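The values are calculated or read from the model by the stated rules, or taken from the named source; none is laboratory data. What you are looking at is a predicted structure, and each value in this text was computed from that prediction instead of being measured. Every residue, glycine among them, receives a Cβ derived from its backbone with ideal geometry; neighbour counts consider all protein chains shown.
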Amino acid sequence: MENNKVIIACDFSSSEEILKFLSKFGNKKLFLKIGMEMFYSEGINLIEKLQNIGHEIFLDLKICDIPNTVYRTVRKLSALGIKMLTIHAFGGSNMMSSAVEAANKKILILAVTILTSISESMLKQEVIFQENLSENTHILPKIVMRYSENAQKNKVDGVVCSAFEAKKIKQNFGNSLLIVTPGIRNQNDESYDQNRTATPEQAKNLGSDYIVVGRPITRSENPVNEYEKITDEFKRSAKNTYKTTIRA
């Protein structure tokens, strides 16, 4: 499991659907992302069931609240034996440090920076006061870097970001932050609700340590083959330099 860097996003509507999907992989032990929908509907029972089968769990709840509430929440969740848990970097330094303290090195805490569904134009129009920005100002990478800096200062284990920010994070913080990248698609796949997507090989070249892949695997006619293909691509040594662009 130590070499399992491809996390399958299990965004299904029920535990029955997840188990039916996983049965196609036989006895293979996988790294699975369980998000808010599944956790809120199925709860701890689902986590324990998947762990009993032998799978590792990345619990993606994007926790964001006052520090004391986050501390108590993370302390409870860290007792589940999961491998990773997400909080929101937006919650600030005190919240992040409370999460790290509560985890007590039992699990890895990841700070979500900017969701891969958010584009530069959306950020300017809906989050940032655009009148304070010049037309050519790229604010998204700056926010991601500031959140990453705060995460490192507060001893968070890693960050969740698109592949396009991964390279600069690695350049600035080296291996002190794990980088987990969602929004992974094959070259010709539909992007769905993601704006900043990358292929597995692009993500590897740009510095991602783990990738999260959902629909390209879960909606594939042959999910096992697709999983193996993506895993092999991500493991390959970087051979190309990519000119990356962020879709607005």
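Things to note:
- Yes/no for Phe21 being assigned to a loop (DSSP other than H, G, I, E, B), out of contact with any Gly (no Cβ under 8 Å at 6 or more places or on another chain) and surrounded by 15 or more Cβ atoms within 10 Å (Cβ to Cβ): no
- Qualifying residue in region 54-70 (condition: in a helix (DSSP H, G or I), modelled with pLDDT of 95 or more and small (Gly, Ala, Ser)): no
Each row is one residue, and each column tells you yes or no for (1) of a type outside the set (Lys, Arg); (2) modelled with pLDDT of 95 or more; (3) more than 25 Å from Leu178 (Cα to Cα).
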residue: Met1; (1), (2), (3): yes, no, no
residue: Ile8; (1), (2), (3): yes, yes, no
residue: Ser13; (1), (2), (3): yes, no, yes
residue: Leu19; (1), (2), (3): yes, yes, yes
residue: Leu22; (1), (2), (3): yes, yes, yes
residue: Lys29; (1), (2), (3): no, yes, no
residue: Ile34; (1), (2), (3): yes, yes, no
residue: Phe39; (1), (2), (3): yes, yes, no
residue: Leu46; (1), (2), (3): yes, yes, yes
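- Selection status of Ile34, assigned to a strand (DSSP E or B), surrounded by 13 or more Cβ atoms within 10 Å (Cβ to Cβ) and touching a residue at least 60 places away in the same chain (Cβ under 8 Å): no
- Screening Asn205, Asn188, Asn240, Asn175 for residues that are surrounded by 20 or more Cβ atoms within 10 Å (Cβ to Cβ) and at pLDDT below 95 leaves exactly one candidate, Asn205.
- Arg75 meets the conditions (1) more than 21 Å from the chain's Cα centre (by Cα); (2) outside any loop (DSSP other than H, G, I, E, B); (3) not acidic (Asp, Glu) in every case but one. The failed one is (1).
- Of all residues in region 1-45, those that are among the β-branched types (Val, Ile, Thr) and farther than 13 Å from Gly214 by Cα total 1.
- Selection from region 48-63 of residues that are of a type outside the set (A, V, I, L, M) and touching a residue at least 12 places away in the same chain (Cβ under 8 Å): Glu48, Lys49, Gln51, Gly54, His55, Glu56, Phe58, Asp60, Lys62
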